[in-house]
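S.K.: Before I ask anything, let me first share the structure, which is written out below as structure tokens.
Every number in this text was worked out from the coordinates using simple rules, so none of it is lab data. The model shown is predicted, which means the values in this text are computed figures rather than measured ones. When we count neighbours, we look across all protein chains shown, and the Cβ atoms used for this are built from the backbone with ideal geometry, even at glycine.
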Amino acid sequence: MRHPAPDTPSLLTPSLWLLITAGITLAPHAIHLPLWLIVVCATILATRAWMVTHPGIQPRSRILKALIVLLAIAVAVGIRHHFGHFFGKDPGVALLAVLLCLKQIEITSSRDIRAAVLLSFFLQLGLFFYDQSLPVAAMALTGTLCALVTLLTLETGTLTPRTSLRTSGLMMLQAIPFLVVLFLLFPRIPGPLWGLPADAYSGMSGLSDTMEPGSISQLSLSDAIAFRADFAGEPPPPAQRYWRGPVLTDFDGRSWRAGRFLLQREPAYATSGPAYDYRLTLEPHNQRWLLALDYPGGRPENTVYSNDFQLLSTTPVRSRSRFDLRSYPESNVGLNENPFILAAATGLPDSGNPRARALAESLSRDSHDPEDTLRRVLDEIRAMALTYTLRPPLLGRDPVDEFLFDTRRGFCEHFASAFVFLMRAAEVPARVVTGYQGGEINPVDQTMVVRQSDAHAWAEVWLDGRGWVRVDPTALAAPSRIESGLASALPQGEALPFMMRPAMRWLRDVRHQWEALSNAWNQSVIGYNTERQRAFLEGLGFTSPDWRTLTGLMGAAAAVLMVLLFGWAVMQFRRGDPLDRCWDRFCARMGRHGIPRLPWEGPIDYAERIAAIRPSRADQVRHIAQTYATLRYGPDGPGHDLKTRQLSRMISKLAL
Amino acid sequence: MIGIASVKGLLDRWLFRLGRPTPLPIVLGHRQIFLLPTGPGYAFAVALLVMLVASINYNLSLGYGLVFLLAGAAFVSMHHAFRNLLRLGIAGGRVEPVHAGQPIRFQFVIGNTRRFSRHALRLTGKDSVVPFSVGPEDQVTAELRCATYRRGWVSPGRVRIETTYPLGLIKAWTVFVPDLAGLVYPDPEANPPPLPDAGPSPTLGTHLDHGDDDFAGLKAHQISDSPKHVAWKAVARGGPMLTKRFAGATGGECELDWAALPMNLDTEARLSRLTAWILAAQARGRAFGLSLPGTRIPPARGESHVHHCLKQLALFGSNATSSA
């Protein structure tokens with residue numbers, strides 16, 4: 001078909017746009033799709049691009065169909081093999097991605113293109129499973145725009161790419177008010193509607209409730225943000241920035257595990273000292289601990305306390321969540337500790353690490369109380385001059401012995417583990433606490449940002465009369481770790497996480513700006529949920545908003561938008577030549593006074609007829625009609641605009 | 001119980017305001033434009049619903065955002081479709097007579113007074129769909145073809161102008177019964193017997209003579225030539241005085257008489273044969289007269305005579321001879 005009939009578009013332009021849509025939609029998926037799948041998708045898309053640009057060469061459709069089916073089966077088997085299962089978020093997204101690519105090849109009708117466009121919408125949504133950041137949103141938006149252009153070019157073949165983009169862009173702009181209204185007012189239903197597949201929350205990083213040598217140093221390599229804290233007043237000094245995570249009591253000779261703990265509504269201690277109010281925005285980690293600053297107080301919503309002083313969420317944190325918390329860093333905790341807990345905090349395996357046991361025994365033998373023992377152990381560790389490093393050597397069967405006496409290089413988990421082991425061997429109750437230590441104030445929005453690289457392990461020792469006392473053995477080897485963070489504590493020449501290198505200062509400034517923007521985005525857009533929706537409505541003045549309020553408001557707002565759009569569609573024909581508008585206004589006024597202009601009547605005739613009916617205004621009306629006729633049909637001389645304005649005034653002043 | 005047909009009639013009268021034919025021209029107002037989702041529109045809605053459920057389930061704020069943006073785009077596309085038809089002017093154009101069995105073409109002149117293009121419009125009748133678009137402040141002629149089966153007046157019936165522009169999700173349409181009619185001549189008999197001769201003719205066969213029926217060229221002007229035949233256009237351009245020459249083919253006059261046809265032919269067969277004879281006479285340039293029960297048209301030649309005779313045949317037996 002060389003000459004398509006007027007305005008029956010061929011499939012070529014929509015096919016090209018669909019290809020662009022697929023490319024833009026799938027590109028951000030490349031981050032998490034398996035490599036082989038990316039290669040398959042890219043190959044298919046490249047083949048399709050070649051097919052579209054060489055319309056003369058089309059493989060026979062039966063062979064093509066068979067090939068597609070074979071390829072689809074092969075890919076499905078590959079996906080099943082790669083993910084180990086079929087029904088879940090990751091294999092689902094992978095399947096959709098391949099489907100979108102394969103669909104491109106078998107396009108024979110506009111129906112196929114529409115189906116592929118719907119697939120690309122699904123995949124744009126699929127992006128948000130992995131990332132809801134601003135750049136991903138921008139990518140998805142671009143993909144949506146191209147998808148709309150694809151649909152548009154299916155309808156009409158007469159548009160240039162520019163006008164297609166402009167028309168689709170206009171539609172997206174006009175759709176934004178709907179987006180805002182629905183986003184704010186659509187009743188948000190919390191939580192999943194049904195059980196989610198097992199991999200729904202995969203890929204969330206953070207602490208775990210076990211610790212073995214190397215687990216925290218691994219986490220420290222990540223620049224990812226763990227949480228943000230927005231303090232109402234001054235933030236606490238660096239030495240008090242201990243964010244409490246899992247407390248590890250049980251030791252099996254190699255790894256530490258969380259002990260059993262009880263839950264209670266109130267903290268197990270009396271708070272004292274200065275209080276810090278802050279809003280904690282926690283990145284999802286699929287765990288319950290909230291990483292509150294030591295030691296939390298009050299009764300924040302949806303939280304409980306454990307008797308090892310953690311603040312826990314009532315449900316695992318699976319989406320970015322906000323908590324308004326208050327902490328009292330100088331509280332004394334655990335003054336009347338349960339004997340069972342103390343017993344658990346002195347437990348050691350029967351054998352293993354003999355050299356450390358011997359050392360502890362020699363240190364405690366002539367000490368008169370646990371406080372003295374603590375001092376001696378700390379002195380001993382200090383005297384050992386251990387090295388603090390992000391790359392500790394691997395440890396064998398007796399990790400404490402090997403760390404203290406052989407390798408003598410370790411990260412915070414090695415220090416904490418060895419210290420607690422020595423204390424327990426000296427029969428002083430002690431335990432490991434994991435969490436984060438430190439935090440950096442973003443100068444742009446003054447929020448404190450705590451990253452995975454701030455992950456830390458420290459220790460607590462129970463002393464009679466003082467309760468649980470925090471001891472950070474890492475400080476013995478690297479005092480600046482506590483005051484100024486990881487970067488300054490590591491020895492020269494140690495490979496730091498990229499962004500922490502001093503030379504990257506300007507880059508850090510850019511990152512501060514970017515993270516402040518991301519934080520605003522997260523707080524206002526991503527974090528918008530049921531509670532925020534209620535707060536928003538209460539801010540509008542609704543006392544007890546429920547879903548009926550929401551639907552009512554939503555309906556009303558949508559109706560207003562529809563009326564505005566209707567107005568847009570109807571009103572535009574009024575625009576046009578200002579002179580014509582003047583004359584139309586005059587005719588309309590006359591029409592309202594019972595003298596409508598007849599369709600065939602010229603201005604002069606019309607004026608004569610009006611003059612006959614309204615002799616008192618005859619001169620004015622004749623003058624108006626004469627001016628209009630001169631301007632309309634006369635030569636287009638200078639002062640045309642001025643005269644038009646004068647005519648307009650004349651019409652306005654005309655009294656009837 | 002109300003039958004489906006009567007419900008449809010009710011819908012037509014009350015919702016679509018279809019009744020008597022609408023005199024053209026019309027300008028589409030907002031009350032004449034109807035909107036409904038298309039099949040792809042419903043599929044789109046289902047897809048959005050699935051995406052919404054996924055967003056709720058996985059608590060994806062941006063998922064909500066995407067769904068609402070797309071829903072907004074669908075609402076907006078409704079207004080675009082509506083605007084694509086609003087204030088569109090529809091005027092009737094020419095309708096050339098045809099013989100029964102040939103498709104008749106109704107012309108519609110679609111005018112756009114607004115400053116943007118109207119894209120992807122479709123003119124839809126009983127038998128055909130005509131895609132077209134109109135530029136800003138422009139007009140186009142769209143031809144609707146309708147099959148014809150019977151002689152007589154034929155009207156295009158219910159005509160729709162529809163569009164699924166811009167996204168194909170919403171169909172906007174208007175429906176009207178235009179006050180247009182086309183004439184359908186009887187179907188000429190395929191192999192008619194030769195023309196009847198009205199008595200002996202002075203010459204056998206035909207020869208060309210200077211007549212005044214068909215334009216045959218120009219010649220130098222002579223004083224004696226009729227001023228009616230001067231090629232005034234050429235004179236106006238500053239050319240020499242020329243006279244238009246017309247050729248008239250003469251053969252014997254013939255009389256086509258209804259009553260002279262064999263008795264075994266029924267009405268339609270007679271009309272068919274008369275039609276075929278008229279066409280044959282026209283092709284040979286012969287003058288002919290037509291006698292029908294109650295009417296007699298004296299012999300003549302020329303387009304208008306042929307049309308007049310064929311029209312008599314087309315409307316034979318019906319009362320509606322008055323219409324143009």
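S.K.: What is the packing order of peptides A:409-417, A:320-328, A:82-90, taking the mean over residues of other C-beta atoms within 10 Å and listing the highest first?
M.R.: So the order, starting with the most tightly packed, is A:409-417, A:320-328, A:82-90.
S.K.: Right, something else. If you place +1 on the Cβ of every Lys and Arg, -1 on the Cβ of every Asp and Glu, and leave all else neutral, what size is the dipole of the range B:51-198 about its Cα centre, to the nearest 20 Debye?
M.R.: Details: 15 positive and 10 negative charges, 117 e Å.
Its charge dipole is roughly 560 debye.
S.K.: Pop a pseudo-label 7 angstrom from the Cα along the beta-carbon direction at both residue A:264 and residue A:133 and give the gap in nm to one decimal.
M.R.: Inter-label distance under the simple model: 4.2 nm.
S.K.: At 7 Å along Cα-to-Cβ for each site, give me the label-to-label distance between residue B:241 and residue A:580 in nm.
M.R.: 4.8
S.K.: While we're here: Quick one: 3J(HN,Hα) in Hz for the range A:280-287, Karplus 6.51/-1.76/1.60 with θ = phi - 60°, rounded, Gly and Pro as x.
M.R.: Calculated HN-Hα couplings, in order: 9, 10, 9, 5, x, 9, 6, 10 Hz.
S.K.: Distance in nm between label sites at residue A:369 and residue A:654, each 7 Å beyond Cα in the beta-carbon direction?
M.R.: Reported label-point gap for residue A:369 and residue A:654 is 10.7 nm.
S.K.: Per-residue HN-Hα couplings for the range A:158-172, Karplus 6.51 cos²θ - 1.76 cosθ + 1.60 at θ = phi - 60°, whole Hz, x for Gly and Pro?
M.R.: 8, 8, 7, x, 5, 5, 4, 4, 5, 4, 5, x, 4, 5, 5
S.K.: Using 18 Å as the cut-off for backbone N distance, which residues of the range B:54-92 belong to the label zone defined by a point 7 Å from the Cα of residue A:189 along Cα→Cβ?
M.R.: Answer for the range B:54-92: B:54-68.
S.K.: Binned at 20 Å from 0, what are the whole-percent values of the Cα-Cα distance distribution for chain A, short to long?
M.R.: Over chain A, the share of Cα pairs per 20 Å bin runs 14, 33, 27, 17, 7, 3, 0 percent.
S.K.: If one takes the longest principal axis of the Cα atoms in chain A, at what angle in degrees, from 0 to 90 and to the nearest 10, does the Cα axis of helix A:134-155 lie?
M.R.: So the helix axis and the longest Cα principal axis differ by about 30 degrees.
S.K.: Compare the Cα positions of A:29, A:421, A:15 along the charge dipole of chain A (+1 at Cβ of Lys, Arg; -1 at Cβ of Asp, Glu; about the Cα centre) and return the one farthest towards the positive end.
M.R.: Result: A:15.
S.K.: Another question about this same structure. Using modelled backbone amide H atoms (1.01 Å from N, in-plane), which distant-in-sequence or interchain residues come within less than 5 Å of residue A:337's amide H?
M.R.: none
S.K.: For helix A:110-130, what angle does its Cα long axis make with the longest principal axis of chain A, in degrees from 0 to 90 and rounded to 10?
M.R.: 30
S.K.: While we're here: How much FRET efficiency would the formula 1/(1 + (r/R0)^6) give for residue A:507 and residue A:218, where r is the Cβ-Cβ distance and R0 is 35 Å, rounded to 0.05? Show your work: numbers first, answer last.
M.R.: Working: r = 24 Å, r/R0 = 0.68.
Working from the Cβ atoms, E equals 0.90.
S.K.: Here is a further query. For residue A:358, put the label point 7 Å out on the Cα→Cβ axis and report which residues of the range A:375-393 keep their amide N under 11 Å from it.
M.R.: No residue qualifies, since no backbone N sits under 11 Å from the label point.
S.K.: Then there is this: Rounded to the nearest 10 degrees, what's the angle between the helix A:35-53 long axis and the longest principal axis of chain A, both from Cα atoms, 0 to 90?
M.R.: 20
S.K.: If you plug each phi of the range B:259-269 into the Karplus form 6.51 cos²θ - 1.76 cosθ + 1.60 with θ = phi - 60°, what whole-Hz ³J(HN,Hα) values come out, in order, with x for Gly and Pro?
M.R.: Calculated HN-Hα couplings, in order: 5, 7, 6, x, 5, 6, 7, 8, 4, 5, 5 Hz.
S.K.: A further question follows. Could you tell me how far the Cα centroid of the range A:22-56 sits from the Cα centroid of the range A:216-238, in Å?
M.R.: With the range A:216-238 and the range A:22-56 each reduced to a Cα centre, they are spaced 39 Å.
S.K.: Note down the magnitude of the dipole of chain A about its Cα centre, charges +1 on Lys and Arg C-beta and -1 on Asp and Glu C-beta and zero elsewhere, to the nearest 20 debye.
M.R.: Values: 66 positive and 59 negative charges, 781 e Å.
My answer is approximately 3760 debye.
S.K.: Out of A:213, A:278, A:646, whose Cα points farthest toward the positive end of the dipole of chain A (charges: +1 Lys, Arg; -1 Asp, Glu; placed on Cβ)?
M.R.: It is A:646.
S.K.: So how do A:63, A:610, A:68, A:225 line up by other beta-carbon neighbours within 10 Å, fewest first?
M.R.: Ranking A:63, A:610, A:68, A:225 by Cβ neighbours within 10 Å, fewest first, gives A:63, A:68, A:225, A:610.
S.K.: Calculate, for residue B:300 and residue B:230, the FRET efficiency according to 1/(1 + (r/R0)^6) with r their C-beta to C-beta distance and R0 22 Å; round to the nearest 0.05.
M.R.: Result of the calculation: an efficiency of 0.35.
S.K.: Hey, what number do you get for the protein assembly as shown at 222 nm if only DSSP H runs of n ≥ 4 count, each worth -39500 (n - 2.57), divided across all residues, to the nearest 500?
M.R.: For the protein assembly as shown, the value works out to -13500 deg cm²/dmol.
S.K.: Can you compute the FRET efficiency between residue A:524 and residue B:307 using 1/(1 + (r/R0)^6), with r the Cβ-Cβ distance and R0 = 56 Å? Round to the nearest 0.05. Please list the in-between numbers first.
M.R.: Working: r = 76 Å, r/R0 = 1.36.
Step by step, r from the Cβ atoms, then E = 0.15.
S.K.: Continuing with the same structure: Please pull out the direction-averaged projected area of the range B:38-132, using the convex hull of its alpha-carbon atoms, in nm² to one decimal place.
M.R.: Mean orientational projected area (the range B:38-132, Cα hull): 8.6 nm².
S.K.: Full extension from residue A:239 to residue A:463: what is 0.36 nm times the residue separation minus their Cα-Cα distance, to one decimal in nm? Show your work: numbers first, answer last.
M.R.: Numbers: separation 224, 0.36 × 224 = 80.64 nm, distance 2.10 nm.
Answer, rounded to one decimal: 78.5 nm.
S.K.: Once amide H atoms are placed 1.01 Å from N in the peptide plane, what residues at a sequence separation of 5 or more from residue A:441, or on another chain, have their amide H within under 5 Å of its amide H?
M.R.: Under 5 Å from the amide H of residue A:441: A:449.
S.K.: Which of A:542, A:340 has the fewest other C-beta atoms within 10 Å, and how do the rest follow up to the most? Each step should come with its number before you reach the end.
M.R.: Details: A:542 14, A:340 10.
Lowest to highest Cβ neighbour count: A:340, A:542.
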